[in-house]
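Chemist: If you scroll down you'll find the structure; I have some questions about it.
The values are calculated or read from the model by the stated rules, or taken from the named source; none is laboratory data. Remember, it's a predicted structure, so these values are computed and weren't measured experimentally. Counting neighbours? That spans all protein chains shown, and the Cβs are built from the backbone with ideal geometry, glycine included. Side chains are part of the model used for accessible areas, which takes the heavy atoms of the whole protein and leaves out ligands, DNA and RNA. Shrake-Rupley method; radii C 1.70, N 1.55, O 1.52, S 1.80 Å.
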Amino acid sequence: MTEVTRPPIVTILGHVDHGKTTLLDFIRKTNVASREHGGITQHIGAYQISAQGTGDSGQKDKNSLKPATSNLITFIDTPGHAAFEKMRSRGAKVADIAVLVVAADDGIMPQTDEAIKHIQEAKVPMIVAVNKIDMSGIDVKVQLEKIKKQLSDRKILVEEYGGDTPVVPISAKSGEGIPKLLEMITLVSELNDIKGDPQEVASGVVIESSLDKFKGPIATILVRDGTLRKGDQIMVGGSKGKVRGMFDFNGKSLEAAGPSTPVEVLGLEGVPAVGGLLGKESPSKALAEADKEVKSLVDKLRQGAPKTLKLVIKADKQGSLEAIQSSLEKFNEEGEVVNFIFSGTGDIGEENIKLAAAVGAIVLGFNVKIAPNAQKLAEAEKVLIRTYNIIYELIEEMEEVVEALLKVGQVEEVFGRANIIAEFPFGKGERIAGCRIIEGEIAKGRKIRIVRESAVIGETKLKSLRKVKEEVQKAEKGNDCGMLFDPPVNFQVSDVVESFRVI
Ligand code: GDP
């Protein structure tokens, strides 16, 4: 055992509009020297700062297995309860410390209460940040007292009242109080003795994941303990793979990532679910099964390649049913993806299974039980039943399924490619890309993307396309032309411009 202190992992929760995003942005902006490694600062769902504001963004030696102990803090950069809850519901412990943001003018609001519930259930220490103290027209002192009273009404004892919950007044806008907040995080972290063992096999949790056309599955993994190394064979959230590439939030390539380091990992064979676990704390059986079921469902849908997801939904109440349906309706905005075969209230019975089997639907249950004979029939007929107690879990799982479904059979057509061979300044800070078409044609109105070393840098459209001085609708192989992109993209000479569509 070579346990050492590791940086605390902090999550920020609170009511909508109370300033979570502004706070995360401010901390990142003022404490991270971006592009310090020549990389591109990217959003990977978490970042690490040095609380002293020196701009040190992480371990000093990229191969060091010793996490610096003093003042590093890892922030999970996906505010919102849904992600937090989802990770928790999958059994993942993510954060070590929660910062509860409460706007000074509003005080505690319904989602603040929800956040408090989550934090208490997760048993992580909490720091209250009373935000927006810069606002004109509020008496900060009075509001602070009011909020402390509201907290104590909820049995959260603040430090001044003899409790152990610190309250720090801040302004995420001006930055006032933020150094104090960071100091408090460090202090609470010291008090809680947050430890990790860099010599252990890595364990952690997926905080973001996606499928990149060129890079394949990408997962942001927060290594909580142990060290993850390039070349490691891993199993994470039901997907296996070998760590082919590993990058920190500055896009810097890492050979090894020690405790509390968020990293983007390439090399997995599938896209792991958010909240999926990495490594030694093997996921609970139920967890593994849930992931497996989603997978098998997707496989099934793939085989038949149906274009819609057919659902039989049973819920406890009409109200829940409506909420579920209207949330799932969003998938149908651009054509029918979800097909509601039947919805009703009450337990899942044999007749529901028969119907689902007949049309190839899956059965969703919300706060309902499955009748024993229905269960048996479902097994015999190979009908998949999924039950939930939390609506967003249902929605999120269906999101995963729909996403996977939509990807099936999606084909891309590339109309043309061009090399960027020069750039010219244009107007106020804009740039024109001087291009040579090397393949096909590039026309106005179509989607454009900029590709650099087989990675997509950005997607955009053509605002202007000129051959010499003449504005044209399209340019063909062999033509030289000037392109102005809208929205602007950060292209550079030697990038490739592609005109494409997704079918
Ligand atoms: P979130 O929903 O909790 O992520 O809240 P946002 O960070 O998006 O902030 C909501 C609104 O409050 C935005 O208009 C912010 O500009 C504003 N805001 C956030 N922090 C402060 C602050 O410290 N002072 C003031 N005056 N406004 C703030």
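Chemist: Identify all residues within the stretch 472-503 that are open to solvent by 40 Å² or more (accessible area, probe 1.4 Å), over 16 Å from Glu430 (Cβ atoms) and assigned to a strand (DSSP E or B); write none if there are none.
Modeler: Lys474, Glu476, Asp480, Arg501, Val502
Chemist: Would it be correct to say that Glu453 is over 18 Å from Gly427 (Cβ atoms) and out of contact with any Phe, Trp or Tyr (no Cβ under 7 Å at 6 or more places or on another chain)? It would help to see each step written out before you state the result.
Modeler: Values: over 18 Å from Gly427 (Cβ atoms): yes; out of contact with any Phe, Trp or Tyr (no Cβ under 7 Å at 6 or more places or on another chain): yes.
Taking the combined requirement at face value, the residue satisfies it.
Chemist: Please enumerate the residues belonging to the stretch 160-175 that are open to solvent by 90 Å² or more (accessible area, probe 1.4 Å) and over 30 Å from Pro259 (Cα atoms). Outline the logic, then answer.
Modeler: Initially, the stretch 160-175 is screened for residues open to solvent by 90 Å² or more (accessible area, probe 1.4 Å), giving 160-161, 164, 173.
Answer for the stretch 160-175, where residues must be open to solvent by 90 Å² or more (accessible area, probe 1.4 Å) and over 30 Å from Pro259 (Cα atoms): Glu160, Tyr161, Lys173.
Chemist: Report, ordered by the first and then the second residue, all pairs with beta carbons closer than 9 Å, sequence separation of six or more or different chains, a first member in the stretch 237-263 that is outside the structural domain of Ile207 (by TED's automatic domain parsing) and of a type in the set (D, E, K, R), and a second member that is open to solvent by less than 10 Å² (accessible area, probe 1.4 Å) and not in a strand (DSSP E or B).
Modeler: Matching pairs, first to second residue: none at all.
Chemist: Based on what the data block shows, is Lys213 basic (Lys, Arg) and more than 23 Å from the chain's Cα centre (by Cα)? Working first, answer last.
Modeler: Numbers: basic (Lys, Arg): yes; more than 23 Å from the chain's Cα centre (by Cα): no.
Criteria not met by Lys213.
Chemist: Here is a further query. With Ser189, Ser239 as the choices, which residue is open to solvent by less than 40 Å² (accessible area, probe 1.4 Å) and under 30 Å from Val167 (Cβ atoms)?
Modeler: Going through Ser189, Ser239 in turn, just one is open to solvent by less than 40 Å² (accessible area, probe 1.4 Å) and under 30 Å from Val167 (Cβ atoms): Ser189.
Chemist: Might you let me know whether the stretch 456-465 holds any residue that is farther than 23 Å from Lys215 by Cβ and more than 33 Å from the chain's Cα centre (by Cα)? Can you show your working first?
Modeler: First, pick out the residues of the stretch 456-465 that are farther than 23 Å from Lys215 by Cβ: 461-465.
With more than 33 Å from the chain's Cα centre (by Cα) added as a condition, the list becomes 464-465.
Yes; the residues of the stretch 456-465 include at least one that is farther than 23 Å from Lys215 by Cβ and more than 33 Å from the chain's Cα centre (by Cα).
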